[in-house]
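Structure record follows, encoded as structure tokens.
The values are calculated or read from the model by the stated rules, or taken from the named source; none is laboratory data. Keep in mind the model is a prediction, meaning the values are calculated, not measured. Here the Cβ is made from the backbone with ideal geometry for all residues, glycine too, and neighbour counts use every protein chain on show.
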Amino acid sequence: MLKLKYRTTLLTMLMVFTHIAMGSDLGKTLATQGNSKGATACIACHGVDGSGLAGAGFPRLAGLNPAYLEKQLHDFTKASRTNPMMSPIASALSEKEIKAVADYFSKIKLTIPGSKSTANNKLMDEGKRLAENGNWSNDVPACFACHGVGASGIGDHFPALAGQQADYIEQQILSWRNGQRHNDPNQLMKGVAMRLSETEIKAVSAYLASLTMVEN
Amino acid sequence: MFTKMFTKIKNIKMLTGSGFIMLALALTNVTAAEKDYQVELPTAPKGVATFVPPSEKDIPKNAFGEAVRYGMSLFNNTQQLRGKYVGNDLNCVNCHLDNGKQADSAPLWGAYPMYPAYRKKNDRVNTIDERIQGCFTYSMNGSPPPFGSKELTALVTYHYWLSTGARIGKALPGRGYPRLAKTKNKPSVSRGKKIFSANCAICHGAKGQGTKVNGNYAFPPLWGKGSFNWGAGMHRVNTAASFIKANMPLGKPNSLTDQEAWDVAAFMNSHERPGDPRDKGDITQTAKTFHKHQCFYGQKVDGKRLGNGTK
């Protein structure tokens, strides 16, 4: 009897471990091969290491908060974040697959050094000033106030921006402005995006991209 | 009968007139010992804030500049004084946004030129040093840095520098928090709870506990042992409502309706927090002496009387 109980426990443990292993396997399979329902391999656009692709607007996924990634995939299936490439892919993922793939990328420990920016020093200084201190006379808080010191992210809702692709950051700020993206909690980003000038958007995107992500 | 009683009282008063004055003086002295730096500020003058404080890059590169920088650093990261003068998880900048520069967020350039000031409450002239010390006692739930200490001197120097060009003794638009007009409905804790969940919990946590990253608070706790104590100005519902309306959520100032700001302020301030340091173990008496304003000190909320302080 006792032996049986012991065996059952062992079996349960084995099943749990297998499940975890399968979870990350599933994530890896999806990332590298996609699924048969129309979701293409993530790494084709987001890079083998999940660091994104400069110049194409494909964001870095590696090391981002898993709940944040999951939410984005869910939102791509709704109207709150529309994207001609990502919406069909996200719709082709099951709930279990969304979880697995978000988990997979969040666990890639990648200390991507900040990109060498082509932006001039003046623009980078402006970006640094905005990221660290904001522009309060225009009610723009510091990026670091919500995205964490060094923009390494805070919790499920404020993603890391350090080392993110500059053109992606720029695109997203513009998407909040024009309403194409409105999945930010309490429209916190929309307000900020509306008050940033074109130059400020360029400056802050270049600066944040140049930062090296530090793990929380 | 009342007339008779009144005449009697009048007679006694006439007979012991000097005694009454003496008693009154003695009482005044007792109250004077109970310093209350948290008296409400006069309303800021109407109008758009036009004062522009100097820019960080203009801090002079000399000993004075060093004091300004040290003061700014203490203001931003007051936690470096944790255990010495700070007893909670807050930083000055939590309630004075943009390093104490933001108009309508009790900017330092709005406060500094108004001191020294006579305060009826303690019947004497108070300096800016004493006002800042009050912040440490109440808002920071700690103990005041002594007069002449390098910390207090640096903070005063930072105040002074930010006020460069402001006229002494002239109240500027943008000082303090813009007083929020009373609304039709009284502030409601239960309505405030819903507003809190929808707008504030994302940063300050579902239980107002704040959010920590790498051991530091990214978003401050709003009640509980890590927050300001029952003597801080922010525990008043009206002060909190005015601050919230003009400054919260970050990046979305004036986005809540007046009623929402009042309600959420009531919700925030209807929770237990560190005790009032002036309390001598009798919150009924402390409430009578120091809390005759709009607050929940000594009141029952959800069957629990508030004011005993967090342990």
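When segment B:159-180 is limited to residues that are assigned to a helix (DSSP H, G or I) and more than 17 Å from the chain's Cα centre (by Cα), the one that is surrounded by the most Cβ atoms within 10 Å (Cβ to Cβ) turns out to be B:Leu162. Of the residues screened, B:Lys120 is not one that is of a type in the set (D, E, K, R), modelled with pLDDT of 95 or more and over 21 Å from B:Pro107 (Cα atoms).
Check whether at least one residue in segment A:102-113 is part of a helix (DSSP H, G or I), within 29 Å of A:Lys202 (Cβ to Cβ) and touching a Gly at 6+ places or on another chain (Cβ under 6 Å), and report yes or no. Yes, segment A:102-113 contains at least one residue that is part of a helix (DSSP H, G or I), within 29 Å of A:Lys202 (Cβ to Cβ) and touching a Gly at 6+ places or on another chain (Cβ under 6 Å). For segment A:51-88, give me each residue that is under 24 Å from A:Val214 (Cβ atoms) and of a type in the set (Lys, Arg). Scanning segment A:51-88 gives A:Arg60, A:Lys71. Of all residue pairs spaced 6 or more apart or on separate chains, those with beta-carbon atoms under 8 Å, a first member in segment A:180-207 that is within 13 Å of another protein chain (Cβ to nearest Cβ) and a second member that is acidic (Asp, Glu) are A:Lys190/A:Asp184; A:Gly191/A:Asp139; A:Arg195/A:Asp139. For B:Ser197, the criteria (1) at negative phi; (2) of a type outside the set (Val, Ile, Thr); (3) not in a helix (DSSP H, G or I) hold in every case but one, which is (3).
Residues that are under 24 Å from the mean Cα position of the chain (by Cα) and within 12 Å of another protein chain (Cβ to nearest Cβ) were ranked within segment A:129-138; the one that is surrounded by the fewest Cβ atoms within 10 Å (Cβ to Cβ) is A:Glu132.
A count restricted to segment B:228-265 and to residues that are in a loop (DSSP other than H, G, I, E, B), away from chain A (no Cβ under 14 Å) and over 16 Å from B:Tyr297 (Cβ atoms) stands at 1.
The residue pairs whose first member lies in segment B:258-279 and is farther than 19 Å from B:Asp89 by Cβ, whose second member is among the polar types (S, T, N, Q), and whose beta carbons are closer than 7 Å, counting only pairs six or more residues apart or on different chains, are B:Asp258/B:Thr183; B:Gln259/B:Thr183; B:Gln259/B:Asn185; B:Trp262/B:Thr183; B:Asp263/B:Ser188; B:Ala266/B:Ser188; B:Arg278/B:Thr286; B:Asp279/B:Thr286. Looking across segment A:162-179 at every residue that is among the small types (Gly, Ala, Ser) and either within 14 Å of chain B (Cβ to nearest Cβ) or at negative phi (or both), the one that is surrounded by the fewest Cβ atoms within 10 Å (Cβ to Cβ) is identified as A:Ser175. Within segment B:206-219, the residues that satisfy the criterion of being part of a loop (DSSP other than H, G, I, E, B) and in contact with a Cys (Cβ under 9 Å, 6 or more places away or on another chain) are B:Gly208, B:Gly210. On the basis of being of a type outside the set (A, V, I, L, M), under 26 Å from B:Gly309 (Cβ atoms) and in contact with a strand residue (DSSP E or B) (Cβ under 9 Å, 6 or more places away or on another chain), does B:Tyr217 make the cut? So B:Tyr217 fits the description; yes. Quick one: is A:Glu170 modelled with pLDDT of 95 or more, of a type in the set (Asp, Glu) and farther than 27 Å from A:Lys109 by Cβ? No: the conditions fail for A:Glu170.
Which pairs do you get when a residue that is among the β-branched types (Val, Ile, Thr), found in segment B:152-180, comes within reach of a residue that is surrounded by fewer than 23 Cβ atoms within 10 Å (Cβ to Cβ) and part of a loop (DSSP other than H, G, I, E, B), reach meaning Cβ atoms under 8 angstrom, with the pair 6+ apart or on two chains? Taking only residues 6 or more apart or on different chains, the pairs are B:Thr164/B:Pro53; B:Thr164/B:Pro54. In summary, helices (runs of 4 or more DSSP H) completely within segment B:67-158 and bearing 1 or more residues that are under 19 Å from A:Trp136 (Cα atoms) and not assigned by TED's automatic domain parsing to the domain that holds B:Tyr217 occur at B:97-100, B:108-111. Kindly indicate whether any position in segment B:266-283 is polar (S, T, N, Q) and part of a helix (DSSP H, G or I). Checked segment B:266-283: no residue is polar (S, T, N, Q) and part of a helix (DSSP H, G or I).
A single member of B:Gly224, B:Gly205 is more than 14 Å from chain A (Cβ to nearest Cβ), surrounded by fewer than 21 Cβ atoms within 10 Å (Cβ to Cβ), out of contact with any helix residue (DSSP H, G or I) (no Cβ under 9 Å at 6 or more places or on another chain) and at pLDDT 95 or above, and it is B:Gly224. All but one of (1) out of contact with any helix residue (DSSP H, G or I) (no Cβ under 6 Å at 6 or more places or on another chain); (2) of a type in the set (A, V, I, L, M, F, W, C); (3) buried (at least 19 other Cβ atoms within 10 Å of the Cβ); (4) part of a loop (DSSP other than H, G, I, E, B) hold for A:Leu188, so report the exception by its number. Just one mismatch for A:Leu188, condition (4).
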